[in-house]
1. Would you confirm whether any residue within segment 192-215 is exposed (fewer than 14 other Cβ atoms within 10 Å of the Cβ), among the β-branched types (Val, Ile, Thr) and more than 30 Å from Ile7 (Cβ to Cβ)?
2. Identify all residues within segment 55-84 that are closer than 19 Å to Phe36 by Cβ and part of a loop (DSSP other than H, G, I, E, B); write none if there are none.
3. Of the residues Tyr300, Tyr279, which is farther than 29 Å from Lys180 by Cβ, modelled with pLDDT of 95 or more, not small (Gly, Ala, Ser) and not assigned by TED's automatic domain parsing to the domain that holds Ser76?
4. Looking for whichever is within 27 Å of Gln2 (Cα to Cα), out of contact with any strand residue (DSSP E or B) (no Cβ under 9 Å at 6 or more places or on another chain) and surrounded by 13 or more Cβ atoms within 10 Å (Cβ to Cβ) here; the options are Leu85, Leu54, Leu97. Which one fits?
5. Filter segment 12-49 for residues that are among the small types (Gly, Ala, Ser) and either surrounded by 12 or more Cβ atoms within 10 Å (Cβ to Cβ) or without any contact (Cβ under 8 Å) to a residue 24 or more places away in the chain (or both) and give the result.
6. Filter segment 117-148 for residues that are of a type in the set (Asp, Glu) and in the same structural domain as Val341 (by TED's automatic domain parsing); which is modelled with the lowest pLDDT?
7. Pick from segment 170-191 the residues that are in contact with a Ser or Thr (Cβ under 8 Å, 6 or more places away or on another chain) and part of a loop (DSSP other than H, G, I, E, B): which of them is surrounded by the most Cβ atoms within 10 Å (Cβ to Cβ)?
8. Can you tell which of Phe346, Phe355 is of a type in the set (Phe, Trp, Tyr), modelled with pLDDT of 95 or more, assigned by TED's automatic domain parsing to the domain that holds Glu167 and surrounded by fewer than 22 Cβ atoms within 10 Å (Cβ to Cβ)?
Amino acid sequence: MQGCLNIIPHSLLFEFGIKDHLIEVHSNDRYLKYFFKNEHGDIPFDIFAASFWLMSRYEEYLPFKANKYNVFDHRSSLAWQNDFLDKPLVNSWCAELSKVLKQKFPTIDFKQNKFEAITTIDIDNVYKFKHKGFVRSIAGVVSDIRYGNFEQLKQRIKTMLFGQTDEFDCYDYLVSTNKKNRTRVIYFFLLGDYGMNDKNHPSSNLTFQKLMKHLADYSLTGIHPSFASNFNTRQLKIEIARLGGITHKEVLHSRQHFGMLKFPTTYTNLIQSGIKNDYSLGYTNINGFRASVCNSFRWYDIGLEQESPLELHPFCLGDVCLEKQSGSDPSKALEILASYVKIIKFFNGQLITVFHNDMLANNAKGQQWRGLYEHMHSVVNS
């Protein structure tokens, strides 16, 4: 069509179901990396099909190499294999598309997104030593003696018998720091039954319940579905009901424990359980943009070929991955963190970070991470 912006379509958006397309990634100064190439359009690839392929996580519906938890491994991703996992590629493509449109139609105007930052806190173990019950506490003492961990035994006894502040009890610090920095925070609580991969405190513990109510007064709260709930939808609904019953608030937010995200099962179960916003779309062992985008969006169910009511909020940066990537070097960690803040601010995206209460603990390592946590907020607010 003359006088228009022409994009030659790939077949992807006209198909039903899943097909294993041959993906060839090309490099380009303007579009960085792209695929679904064509020779005759104003843009050298089908930007809509390629964006849909990345954001729908199309490759996670196909056969893939799984990690030890039998979920998608980042090394199987097109982004990791072609070195753009650390880039919100779809945002970059959108920016270039707007330039091309502006050249052809100078009077066109675009609504601008607004940068926002959301800090999320996963609480897998609310306390290190306190309130674990008689049997688990005695088992911990026996384990410390058996393995010669006498320093931990000393700390355990001081905490349990002599009133020393529990190492993982950093909640007053979090409330005051987040309030000072006007940080938007979501706390995710693990409320599953005790098991091999769910070593949390019982949800019936009154001190734990009091803490959840206290934090819910200052911030949003969400469910951290247990490992076991991935195989039992009824268990997921029980855990959501537990949180709602304790906080007396509707539970609308979730993030999967251990990064247990499977397409489409996980999201289908969450929708059936009343969840409206999920924060699981990221990798738990490497920083980066799993869906190659730094904005929230509605999940598209490829099996049903329809947009769902579930809003996905991709995270790109986590404390565990940051520690691993930086080699526990605080200055290197700050450098990595600043680079992510810079690129997301450039695209007016959504910066979602993941921290754990045990990383911000009352110990020497925790003090280091508190410094980084506070620096992050100063960079975000600058």
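The values are calculated or read from the model by the stated rules, or taken from the named source; none is laboratory data. This one's a predicted model, so the numbers in the text were calculated from it and none came from an experiment. Here the Cβ positions follow ideal geometry from the backbone for every residue, glycine too, while neighbour counts run over all protein chains shown.
1. Looking through segment 192-215, at least one residue is exposed (fewer than 14 other Cβ atoms within 10 Å of the Cβ), among the β-branched types (Val, Ile, Thr) and more than 30 Å from Ile7 (Cβ to Cβ).
2. Those that are closer than 19 Å to Phe36 by Cβ and part of a loop (DSSP other than H, G, I, E, B): Ser56, Arg57, Tyr61, Leu62, Ser77, Asn82, Asp83, Phe84.
3. Result of the check over Tyr300, Tyr279: Tyr300.
4. The match here is Leu97.
5. Those that are among the small types (Gly, Ala, Ser) and either surrounded by 12 or more Cβ atoms within 10 Å (Cβ to Cβ) or without any contact (Cβ under 8 Å) to a residue 24 or more places away in the chain (or both): Ser27, Gly41, Ala49.
6. Of everything passing the filter in segment 117-148, Asp124 is modelled with the lowest pLDDT.
7. Leu191
8. Phe346
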